[in-house]
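Encoded as structure tokens, the structure appears first; notes follow it.
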Ligand SMILES: Cc1cc2nc3c(=O)[nH]c(=O)nc-3n(C[C@H](O)[C@H](O)[C@H](O)COP(=O)(O)O)c2cc1C
């Protein structure tokens, strides 16, 4: 039985959901005035055929409209890249982002993993929009992952052999 049948207040909902441990991504794209990005932890892999991933984007975010109509890159952050997560969540001067040279769609330099996407479909998600992207290129490296839970950054240790794949 649920603890309550009344709609949860936003604070209780946040506290409940904060127990779900996630990775941390920065979704990058070409803005009107150059490369831009937004920190997003509501990211999940959805489908293998076609290869689809999902991000949930606040309607009021500056990136919202852009992610619906242009290619973007989901950059999964490594443990040492917490300053980038803060920077792209709106903390000024947390980190000076470096961009991967020669990538068509703006991509961070040296993320733990990345997936370049073209917008596929989008769905109403209340005060967010669920944006599905079709993955057209990807890669990864070895290293520990940045995590987010209890409204705090943390890390998950992983060290697999890294082989970059392009599709
Ligand atoms: C750890 C973390 C995870 C976040 N995840 C999301 C998310 O999944 N969706 C979202 O819309 N905003 C998320 N945010 C908030 C955005 O990063 C923040 O609103 C940012 O300023 C949006 O940038 P923009 O307005 O330039 O697009 C997250 C922030 C943090 C610190």
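Okay, helix-only estimate at 222 nm for the chain: each DSSP H run of n ≥ 4 adds -39500 (n - 2.57), divide by all residues, round to 500 deg cm²/dmol; what do you get? Display every interim value, and only then the final one.
Numbers: 3 runs with 21 residues, N = 167.
Result for the chain, helices only: -3000 deg cm²/dmol.
Starting from the exponent 0.38 and prefactor 2.2 Å, build the expected Rg for the chain from its residue count and divide its actual Cα Rg by it. Each step should come with its number before you reach the end.
Values: Rg = 16.2 Å, N = 167, 2.2 N^0.38 = 15.4 Å.
So the chain has a normalised radius of gyration of 1.05.
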Long-range Cα-Cα pairs in region 90-158 (distance over 20 Å), rounded percent
53 percent
Mean separation of Cα contacts under 8 Å (at least 6 apart) over the residue count of the chain, i.e. the relative contact order in percent, is 24 percent
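Please report, to one decimal in angstroms, the Kirkwood hydrodynamic radius of region 56-97 built from all distinct Cα-Cα pairs.
In region 56-97 this quantity evaluates to 11.7 Å.
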I'd like the distance between the alpha-carbon centres of region 9-53 and region 61-88, rounded to an integer number of Å.
8 Å
Put in order of increasing Cβ neighbours within 10 Å, starting from the fewest, 20, 72 give 20, 72
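Values in this text are rule-based calculations from the coordinates and carry no lab data. This one's a predicted model, so the numbers in the text were calculated from it and none came from an experiment. Counting neighbours? That spans all protein chains shown, and the Cβs are built from the backbone with ideal geometry, glycine included.
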